[in-house]
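> Have a look at this one.
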There are 2 protein chains.
Amino acid sequence: LFSAFAIQTQSSQDDAKAKKAMEISEDTLISRIKSAGSHGSALVPWLRLGPGDDAALLTPTPGFQTVLTCDWFLEGTHFLRDKHPADSVGWKCLARAISDIAAMGGRPRCFLLSLALPDRFAALWLDKFLAGLRRAARKFSCPLVGGDTTRQRSILINVAVLGEVRSDGAVLRSGAQAGDLVFVSGKLGQAELGLARLHPKKGRAMPASRDPLLRKHLYPEPRVELGGWLAENQVASAMMDVSDGLSTDLRRLCQASRVGARLVAAKIPTAIDPQNRINSKKIDLLSAALHGGDDYELLFTVPAAQASRVPDTFKGIKLSQIGEVTEARRLVLLDTHGHQNEIASRGWDPFRP
Amino acid sequence: LFSAFAIQTQSSQDDAKAKKAMEISEDTLISRIKSAGSHGSALVPWLRLGPGDDAALLTPTPGFQTVLTCDWFLEGTHFLRDKHPADSVGWKCLARAISDIAAMGGRPRCFLLSLALPDRFAALWLDKFLAGLRRAARKFSCPLVGGDTTRQRSILINVAVLGEVRSDGAVLRSGAQAGDLVFVSGKLGQAELGLARLHPKKGRAMPASRDPLLRKHLYPEPRVELGGWLAENQVASAMMDVSDGLSTDLRRLCQASRVGARLVAAKIPTAIDPQNRINSKKIDLLSAALHGGDDYELLFTVPAAQASRVPDTFKGIKLSQIGEVTEARRLVLLDTHGHQNEIASRGWDPFRP
């Protein structure tokens, strides 16, 4: 864990340049990181030992199962240092791992942060990164309990989240049955449109606070409350989060459940884009909803008999029935002209050329 | 988790070169990784759901606490692709994370593997890496339950291990008291000497099977049984693993316990090196024992009244009393001439220039 590094302070030159790009000493780095995830111990009674020993110690909640997941978040692959605010990198690396816990119907309990930084490093970037991480840790009641630091040419982040779900209450990808209805939370394609706005050919992106699409790309909100409600009330038969695009993720859910699905284009909740164009090019909102990644909404199936229990909105989040599960193991889309077309999976794939 | 990638097979050219450096398709990669950590589910009744969903599901053992840790293992920082056998990289990335669990007195239960590979990649390397990983997973009863894969220029590995320890049975770094005796398992400095043999200026390293020093560097054995015994029998007052060198790690234990220590040079179990020289240069075995990293032995303190309960060897592993805990918060070494010297921490530090 963090303490597994010698503490060695390197004095930095006291000039303006040094303030921007200084060598962060290991003790400064570790103490800054520790403070990023800190909660009062009164708030987390199940945390027996946090960062600083060989490993963290946690007391499991009786009657719950442990949910465990991890996610890479790498400079150049998942974010760009000159395009993505450091605060967003901190928020998102944790939020997306928490989304995997939410997708099982679980609640996050704590996380480990593995961080590799370049030798000479912008202290300001680290401060903002940790501020974003701290905000997410507090928002989702998920304190930092340990991790590892080292150096590397580019910024490498790996986040492991431990969560809990009531025993036998977890909702898997494999539970969908023919006849179940397919639901999705929120609006799809927003993060994809936000990403496009982050890279305008001319001018600067709008501040995230004023642009819901940009905010969705930079500061996604894992649907922890919704996932917990669907699991605890035994409403959903299968569930996963939409991180790589509906067309890719629905295929995974269907493969795990050995079923297919028929979606209705008109029912898919697309983003609302007041401009409806990026770089003067009209964008296809349906295509963004089908194939855009990074939305971190929940995709879930519900037995038809249970469908009336699904509200139109849950704590302000729109829930849309977008189609149904079929015995035929295909993914098809009924378009607005009444034609039925096979859906190709064109979501995010790091290995796609 | 692993399933969070589109499955896309890329045909590789059927020639000799392609066999050596092929583009591994994502489905091949994931299925190969999954098989690396697989155990019969009968062997791991507490594992409810392994790789393939949004997260893994585990049933905690009643009366136990959860132990959680993670470790980077990066090409160029922690291993060299042309020097370290892929099989060793696989073994060691898991073994060193398990060592952190052992150092708390815990038993490993399962692990997550985060792996990033270059675009064009040697399939043979991956096979050997996974073979080493599989051997360690089986040896330490620690199956793979999930992870994440992506691509990057160099090989990036992060391993998170979840273990368990009897409630209130964990041994922390902070429990040492003045008057306690300091013990260490095995021999120190072996891995450091093995590393030096791996990089000879002339000729090739000996096969690890015939060279105990090389074997220690390439295939360290975390002291799970010993750590568990010391914790469960309430013998040790404080414990940690020696991963960055005795001089560095003992300082950490003393800092956590707010004590100091006096070691006796003659009692420190050094490596036995039949050559006693590397590249024609005579090596200082005591210096290697004090400052050499990567041994993954256990460093622990025992109240004087309990010392008779510590056997000379535990399941073939030598246990040596090397000094005692002092109230004075310094680290000193009594040398063979009866002189007492301050010990400088010169162990492994990734941020040291």
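No lab work stands behind these numbers, since they all come straight from the coordinates. All figures in this text were calculated on a predicted structure; none of them were measured in a lab. Here the Cβ positions follow ideal geometry from the backbone for every residue, glycine too, while neighbour counts run over all protein chains shown.
> Taking H as built 1.01 Å from N, whose amide H comes closer than 5 Å to the amide H of A:Arg151, not counting residues under 5 places away?
A:Leu117
> Residue by residue through segment B:75-88, which ³J(HN,Hα) values in whole Hz follow from phi under the Karplus form 6.51 cos²θ - 1.76 cosθ + 1.60 (θ = phi - 60°), with glycine and proline marked x?
The phi angles translate into 4, x, 9, 9, 7, 10, 5, 8, 10, 9, x, 4, 4, 5 Hz.
> Calculate the spin-label point distance for B:Asp168 paired with B:Glu225, positioning each point 7 Å from the Cα along the beta-carbon direction, and give it in nanometres.
In this crude spin-label approximation the distance works out to 2.9 nm.
> Arrange the peptides B:329-342, B:80-93 so that the one whose residues have, on average, the most other Cβ atoms within 10 Å appears first. Provide the component values of the computation, followed by the final result.
Details: B:329-342: 12.5, B:80-93: 19.1.
My ranking of the peptides, most packed first, is B:80-93, B:329-342.
> Amide H of B:Gly105: which non-local residues (sequence gap of 5 or more, or other chain) have their own amide H closer than 5 Å, using H built in the peptide plane?
Close amide H contacts, sequence-distant or interchain: B:Val171.
> Evaluate peptide B:109-115: per residue, the Cβ atoms of other protein chains within 10 Å of its Cβ; return the mean as an integer. Provide the component values of the computation, followed by the final result.
Details: counts 1, 2, 2, 7, 1, 8, 1.
Average neighbour count from other chains, rounded to a whole number: 3.
> A further question follows. Inside 10 Å of the C-beta atoms of B:251-261, what's the mean count of C-beta atoms belonging to other chains? Could the numbers behind the result be given before it?
Working: counts 2, 8, 2, 0, 3, 3, 0, 0, 0, 0, 0.
Mean shielding by partner chains, rounded to a whole number: 2.
> Among A:67-76, B:64-73, what's the highest-first ranking by average C-beta atoms within 10 angstrom per residue?
Working: A:67-76: 24.4, B:64-73: 26.1.
Ranking, from highest mean packing down: B:64-73, A:67-76.
> Would you mind checking the pairs A:Lys34/A:Lys83; A:Lys267/A:Lys315; B:Lys139/B:Lys187; A:Lys216/B:Lys128; A:Lys216/B:Lys34 and listing those with alpha carbons more than 30 angstrom apart?
Details: A:Lys34/A:Lys83 26 Å; A:Lys267/A:Lys315 21 Å; B:Lys139/B:Lys187 21 Å; A:Lys216/B:Lys128 41 Å; A:Lys216/B:Lys34 33 Å.
Distance filter (> 30 Å) returns A:Lys216/B:Lys128; A:Lys216/B:Lys34.
> Whole number please: convex hull volume per residue, Cα atoms of segment B:36-133, in Å³. Working shown, then result.
Numbers: hull volume 12.2 nm³, N = 98.
Per-residue hull volume (Cα only) is 125 Å³.
> Can you work out ³J(HN,Hα) from phi for every residue in segment B:232-241, in order, using Karplus 6.51 cos²θ - 1.76 cosθ + 1.60 and θ = phi - 60°, giving whole Hz and x for Gly and Pro?
For segment B:232-241, the Karplus-derived couplings read 5, 9, 6, 8, 8, 8, 8, 7, 7, 9 Hz, x marking Gly and Pro.
> Count, for each residue of B:95-102, the Cβ atoms from other chains sitting within 10 Å of its Cβ, then give me the mean as a whole number.
Partner-chain Cβ atoms within 10 Å, mean over residues of B:95-102: 2.
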